[in-house]
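Read the figures in this text as sums done on the coordinates, not as results from a lab. The structure displayed is predicted, hence computed values, not measured ones. Methodologically, a virtual Cβ is constructed for each residue, glycine included, from the backbone with ideal geometry; neighbour enumeration extends over all protein chains shown.
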Amino acid sequence: MTAIDVKALHRPQTGSIHKSRSAVSASLLTVGELIARLEKVDPNAPVVIAGQYGGFDGVIAVDERPLKLNVNSFDGFGRHDLPAEGERPDVTGLAILVAP
């Protein structure tokens, strides 16, 4: 079986964080691009993400999440986050959840 490294499918973001919402979204892997890639893989292959310091973690679920884009810049935090209560999200994304 072939494992899919989801992190490797992500295109790195570059440039200013002051891009328009559509420009920022265009630099992220889309669900359509992921589906196209997944169609070429054994459906029984496990899905994993790269660990922060090496190795891989298994994906346990995927879920739609409202997101604010490019709001975190601290080490150890993902670049994007959930909106504050009452705040509008920039996009709804597909979150890949891993076992703790």
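List of remarks:
- The H on the amide N of D90, modeled in the peptide plane, is under 5 Å from the matching H of L67, K68, L69, each at least 5 residues off or on a different chain.
- For the peptides 61-72, 83-94, residues were scored by their other Cβ atoms within 10 Å and the scores averaged per peptide; the highest-first order is 61-72, 83-94.
- Each residue of the stretch 31-41 is assigned a 3J(HN,Hα), and the resulting list reads 4, x, 5, 5, 4, 4, 5, 5, 4, 9, 10 Hz, derived from the Karplus form 6.51 cos²θ - 1.76 cosθ + 1.60 (θ = phi - 60°), x at Gly and Pro.
- Across the stretch 49-65, computed HN-Hα scalar couplings (Karplus, 6.51 cos²θ - 1.76 cosθ + 1.60, θ = phi - 60°) run 10, 5, x, 4, 10, x, x, 9, 10, x, 7, 9, 6, 10, 8, 6, 9 Hz from first to last residue, x flagging Gly and Pro.
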